[in-house]
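This report concerns only the one structure given below.
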Amino acid sequence: MVTSTLTAGQPAPAFTLPDDQGHLVSLTDFAGRSVILYAYPKADTPGCTTQACDFRDSLESFQRDGFALVGISPDSPAALARFRDKYQLSYPLLSDPEHGVLQAYGAWGEKSSYGRTSVGVIRSTFVIGPDAVLLHVLPNVKATGHVEMLRRILGLDGAATG
């Protein structure tokens with residue numbers, strides 16, 4: 001399986017996907033704003049919950065620094081709504097069950113865990129500038145500590161919350 005290999009400076013692949021409320025969300029909805037798009041394997045699993053809650057806890061700070069935040073996974077909108085409600089996630093979670101957008105971003109493909117190879121979501125983060133050009137491409141990130149690492153990469157203040 002071949003996935004896209006994106007690099008900073010390239011246009012971000014366009015997308016339109018349903019969110020956790022069933023509304024369609026497109027990259028063009030964020031025109032003129034910077035976006036942090038993060039891909040995660042499955043809602044309400046330990047690593048994905050840690051990552052989602054870290055982003056939730058830093059959301060106000062990211063917004064203050066001019067960034068919108070969007071999560072994407074293969075989960076159904078109903079599963080995403082349960083995840084959103086359970087953890088009070090207040091940013092859009094997009095559903096990509098066919099993996100088309102995940103593939104376009106290079107976040108779907110072969111991965112290895114504990115010596116076993118499988119195909120699925122490659123936990124990744126993409127920072128998209130206000131002109132829809134990729135500023136940072138961060139593949140194979142770890143769930144724990146990722147938000148703090150991203151803030152350092154973006155040169156944002158050390159305070160991760162409000």
### Task
Compute the Kirkwood hydrodynamic radius of region 42-162, taking the inverse of the mean of 1/r over all pairs of distinct Cα atoms, and give it in Å to one decimal.
15.1 Å
### Task
Output the peptides 89-101, 6-18 sorted from most to least packed, where packing is the average of other Cβ atoms within 10 Å over each peptide's residues.
89-101, 6-18
#### Entry: Projected label distance in nm at Ser113 and Gln10, using a 7 Å step from Cα toward the beta-carbon
2.5 nm
### Query
If you roll a 1.4 Å probe over the heavy atoms of the protein chains, what accessible area per residue do you get for the chain, in Å²?
48 Å²
### Task
Starting from the Cα gyration tensor of region 117-158, take the square roots of the eigenvalues, sort them a ≥ b ≥ c, and report rounded, prolate or oblate (rounded when a/c is under 1.5, otherwise prolate if a/b is larger than b/c, else oblate).
oblate
### Message
What are the ³J(HN,Hα) couplings of region 21-38, residue after residue, when phi is run through the Karplus curve with 6.51, -1.76, 1.60 and θ = phi - 60°? Round to Hz, x for glycine and proline.
### Response
10, x, 7, 7, 10, 10, 4, 5, 4, 9, 3, x, 10, 7, 10, 9, 10, 10
### Summary
Carbon/sulfur accessible area of region 36-136, % of total, 1.4 Å probe, equals 52 percent
### Task
Order the peptides 73-86, 133-146, 106-119 from the highest to the lowest mean number of other Cβ atoms within 10 Å of their residues.
73-86, 133-146, 106-119
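The values are calculated or read from the model by the stated rules, or taken from the named source; none is laboratory data. Owing to the predicted nature of the structure, the values given are computational and were not obtained by experimental measurement. All Cβ positions, glycine included, derive from the backbone under ideal geometry; neighbour counts span all protein chains shown. Accessible surface is based on the protein model in full, side chains and every heavy atom, while ligands, DNA and RNA are left aside. Shrake-Rupley method; radii C 1.70, N 1.55, O 1.52, S 1.80 Å.
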